[in-house]
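What follows is a single structure, written as structure tokens, with notes after it.
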Number of protein chains: 2
Amino acid sequence: MTVDRARELDEADPLAPLRERFLLPPGVVYLDGNSLGPPTVDAAERLAAVVTEQWGRDLVRSWNVHRWVDLPHRVGDRIAPLIGAPAGSVVVGDSTTVNLYKALGGAVDLWRSEGHRRTAVILTDTANFPTDLYVMGAVARRWGAEVRTVEPTGLEEALEAGDVACLALTQVDYRTGRLHDLPRLTAAAHQVGAITVWDLSHSAGVMPVDVTSADVDLAVGCGYKYLNGGPGAPAYLYVAPRLLDRFSNPIAGWFGHAAPFDFSAEFRPAPGIARGRVGTPHVLSMLALDAALDVFRDVDLDLVRAKSHSLTTLFIELVDGLDVELVTPRDPDLRGSQVSLRHPNGYAVVQALAARGVIGDFRAPDVARFGFAPLYIRHVDVVDAARTLAEVLESEAWRDPELARRDPVT
Amino acid sequence: MTVDRARELDEADPLAPLRERFLLPPGVVYLDGNSLGPPTVDAAERLAAVVTEQWGRDLVRSWNVHRWVDLPHRVGDRIAPLIGAPAGSVVVGDSTTVNLYKALGGAVDLWRSEGHRRTAVILTDTANFPTDLYVMGAVARRWGAEVRTVEPTGLEEALEAGDVACLALTQVDYRTGRLHDLPRLTAAAHQVGAITVWDLSHSAGVMPVDVTSADVDLAVGCGYKYLNGGPGAPAYLYVAPRLLDRFSNPIAGWFGHAAPFDFSAEFRPAPGIARGRVGTPHVLSMLALDAALDVFRDVDLDLVRAKSHSLTTLFIELVDGLDVELVTPRDPDLRGSQVSLRHPNGYAVVQALAARGVIGDFRAPDVARFGFAPLYIRHVDVVDAARTLAEVLESEAWRDPELARRDPVT
């Protein structure tokens, strides 16, 4: 009966045809797109073509002939609509961590340029992704700032202290799937004169994000999760157009120069978002991301969000009553596109699922995560996953000691 | 007669079989490997396979199954012998500029950790690559250091001032091809307690480099020039083993953590060269570099250097007497693997050559550069290039006003 209902939902799903554009192995229910999205058919073809028809044929001239030089901007302009940013405000390159470094360092400098003399406080929450916390610490040390970390529910109160220079958060908690109220927290930060830096890695691509209407200052995000850009795809940096003239990239490199090919000895930052660039773009990795973004063309993000709700709600409904604790908020408006379940033997549970073709992942100490990427996950996959989980739990298959010795799914 | 001699040299060349391992377009003499190396046959195949057989089939599990997690170290250990570094001292990732930022910031911190209290002076020369100068300026501002720039011939004298914290140089001048005496300058820097940061982008892969015997402290280099790793290939960072425990990477990220997958809130730098890592590695770009390095397996770098001498000497001999000024040192021991020629209409000359299938490039205001990569350039190519140049100069083909309007070769 559940399968019939799932099939009906899939038949009525306007996004259903997109699944064919992905290379997914047979017999696998892939619920780890929040860690690494699968390749698109386009990406495979594009990479083969770039080696023979661009790099191999036109060699160094490809920088101009195939406009590799502009690639970080062209790909950035394709990510922009996914986060509600205007053209010319997003640039692609480097890793998410390096972009966080630029954004956080740049944010402290922006705040100081407004005349503040007291110690810059970077406010974040305990649920932030570790690399965000690490780079925040590094920036704080180098910039003479201070990191203040509070519980996710305590952010608004912490902002009221009035001394915060920069509010730096990840919109969707990578562990629990809890969704922050980005517009509200951004407004609260602005009330006290703080600059906002949002990490959109776990939200962009599975829900509408609107940095413009929320008036976000700076944002970064990852290319290899819900954007399906490939392992270690370059990340992106958003700088609000109103700040572009004042934003200073702490890592001054030749591609962020106003005229990189003048080879001038003096650094002069490029106008616009190009100043967010650093070195030579990773063209091959970036072309795979560019190809993956083809899938998003003409996709209505409200439909994506509606399907995400439908998938995660169905999964929660089906696992209710199983011997696991739901970590993710039950209210769909308060979560991203993942469902996390707590089980004391979470690691072995995830391994037992993987052995049965259901790929989720594990986050210490006891969380099993399942990401539902609406572009390629169907309701029937949700039913499969939930049934397999029920079977693993009921049969106590996770007790097999061999599972604990397996490599993590990652 | 010259062609006959060139053919003889090519027939006797022990490296000649390597040329077949590259994808080179027919009818082109490619003398811009110092800007972007051509693809290897392996790289094209490896990239196609990684999409279908790794990313597409094993998805997120590839991080363990295909050891993507270790890729920056495995590729680093393959670059290590090219620069005389031991295994475990080179890591691959990010761009050259980002690695320079880590190395320069790390160098100033190392120097300070030795108890120096005076202003840290970063000494470099006017001929350094622009991105090196830009990032030096950025590090100086953030670290409260000072950049001192002198003529390349004035470095030893400048070191004698005794206040230098860090000597930061590029071994081969990207514009003229002039080769610095790396062992001697490193020793002179150490005499005054300075830390050395060498950029090997224009030297590694075309000559033996030995950071160990020269006792170099830190080094970086580029993957896409003579290493043929592809457009925007990840770069590398070397840290002398004796400094690894003390080296602090200014960009703290999760892949530089001692236990990235513990997702701990506290940053704890990884032991060894892993602390030079930052974010998720650009796997696709890195696999192309890995494949390209196959070509270097069992290649004797002394033979590479000898062939480089032979190619550049022949080119200089053939263009002697033409209406150009040789910018590159005539003594082969004082140059890298490129020859640069000055001509008042250098831009148009390079374009006229490109139109005739000889690809060099142009660096303002008047320098035409020709890189001779010994792994795939033959002596007959040198003869072709020199003859074509003679023809362009004698016919004054560069006067065609259309050439000046063409996009740069880059």
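The values are calculated or read from the model by the stated rules, or taken from the named source; none is laboratory data. Predicted, not measured: the structure shown is a model, and the values here were computed from it. Heads up, the Cβs are rebuilt from the backbone with ideal geometry, glycines too, and the neighbour counts pull from every protein chain shown.
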Give the residues of segment B:106-119 that are within 14 Å of another protein chain (Cβ to nearest Cβ) and surrounded by 23 or more Cβ atoms within 10 Å (Cβ to Cβ), sorted by residue number. B:Gly106, B:Val108
Residue check for A:Val382: touching a residue at least 40 places away in the same chain (Cβ under 8 Å), in a strand (DSSP E or B), surrounded by 24 or more Cβ atoms within 10 Å (Cβ to Cβ) and away from every other protein chain (no Cβ under 14 Å): no
The residue from B:Gly162, B:Gly144, B:Gly223 that alone is touching a residue at least 40 places away in the same chain (Cβ under 8 Å) and in the same structural domain as B:Val91 (by TED's automatic domain parsing) is B:Gly223
Being crowded, with 24+ Cβ neighbours inside 10 Å and modelled with pLDDT of 95 or more is the requirement here; does A:Gly193 meet it? no
Where the second residue is part of a helix (DSSP H, G or I) and hydrophobic (A, V, I, L, M, F, W, C) and the first is more than 12 Å from B:Tyr174 (Cα to Cα) and lies in segment B:126-137, which pairs have Cβ atoms under 7 Å and are six or more apart or on separate chains? B:Tyr134/A:Trp254; B:Val135/B:Leu100; B:Val135/B:Leu104; B:Met136/B:Leu104
Would you be able to tell me the number of residues in segment B:287-307 that are over 16 Å from the mean Cα position of the chain (by Cα), closer than 21 Å to B:Tyr236 by Cα and in a helix (DSSP H, G or I)? 5
Filter segment B:339-362 for residues that are surrounded by fewer than 21 Cβ atoms within 10 Å (Cβ to Cβ) and out of contact with any helix residue (DSSP H, G or I) (no Cβ under 8 Å at 6 or more places or on another chain) and give the result. B:Arg342, B:Pro344
Can you confirm whether A:Thr153 is free of Cβ contacts under 8 Å to residues at least 12 places away in the same chain and part of a helix (DSSP H, G or I)? yes
Condition first: at the interface with another protein chain (Cβ under 8 Å from one of its Cβ atoms), in contact with a Leu (Cβ under 7 Å, 6 or more places away or on another chain), part of a helix (DSSP H, G or I) and within 27 Å of B:Asp381 (Cα to Cα). Now tell me which residues in segment B:24-58 satisfy that. B:Ala44
Being over 20 Å from A:Gly279 (Cα atoms), touching a helix residue (DSSP H, G or I) at 6+ places or on another chain (Cβ under 9 Å) and more than 14 Å from chain A (Cβ to nearest Cβ) narrows it down to one residue among B:His190, B:His180; which is it? B:His180
From the options B:Ala265, B:Ala233, residue that is assigned to a loop (DSSP other than H, G, I, E, B), modelled with pLDDT under 95 and within 9 Å of chain A (Cβ to nearest Cβ): B:Ala265
Would you check which residues across segment A:239-262 are free of Cβ contacts under 8 Å to residues at least 40 places away in the same chain, part of a loop (DSSP other than H, G, I, E, B) and either aliphatic (A, V, I, L, M) or surrounded by fewer than 23 Cβ atoms within 10 Å (Cβ to Cβ) (or both) and list them? A:Asp245, A:Ala252, A:Ala258, A:Ala259
Might you let me know whether segment A:28-41 holds any residue that is touching an Asp or Glu at 6+ places or on another chain (Cβ under 7 Å) and either surrounded by fewer than 17 Cβ atoms within 10 Å (Cβ to Cβ) or among the small types (Gly, Ala, Ser) (or both)? yes
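Can you tell me which residue among A:Val41, A:Val108, A:Val75 is touching a residue at least 12 places away in the same chain (Cβ under 8 Å), outside the structural domain of A:Asp210 (by TED's automatic domain parsing) and out of contact with any Gly (no Cβ under 6 Å at 6 or more places or on another chain)?
Just a single option satisfies the conditions, and that option is A:Val41.
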Name every residue in segment B:365-379 that is touching a helix residue (DSSP H, G or I) at 6+ places or on another chain (Cβ under 6 Å), over 19 Å from B:Leu23 (Cα atoms) and not in a strand (DSSP E or B), in order of residue number. B:Asp366
Members of segment B:244-258 found to be more than 13 Å from B:Asp109 (Cβ to Cβ) and within 14 Å of chain A (Cβ to nearest Cβ), listed by number: B:Gly253, B:Trp254, B:Phe255, B:Gly256, B:His257, B:Ala258
Filter pass, A:Val91 being in contact with a His (Cβ under 7 Å, 6 or more places away or on another chain) and either more than 14 Å from chain B (Cβ to nearest Cβ) or within 29 Å of B:Phe263 (Cα to Cα) (or both): yes
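Looking at A:Arg61, A:Arg21, can you tell me which residue is within 14 Å of another protein chain (Cβ to nearest Cβ) and modelled with pLDDT under 95? Don't jump to the end; show me each part of the working.
Working: A:Arg21 fails: modelled with pLDDT under 95.
Sole residue among the options that is within 14 Å of another protein chain (Cβ to nearest Cβ) and modelled with pLDDT under 95: A:Arg61.
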Return a yes/no flag: does segment B:278-287 have any residue that is buried (at least 16 other Cβ atoms within 10 Å of the Cβ) and away from every other protein chain (no Cβ under 11 Å). no
Does segment B:142-151 contain at least one residue that is among the hydrophobic types (A, V, I, L, M, F, W, C), out of contact with any helix residue (DSSP H, G or I) (no Cβ under 7 Å at 6 or more places or on another chain) and farther than 23 Å from B:Ala252 by Cβ? no
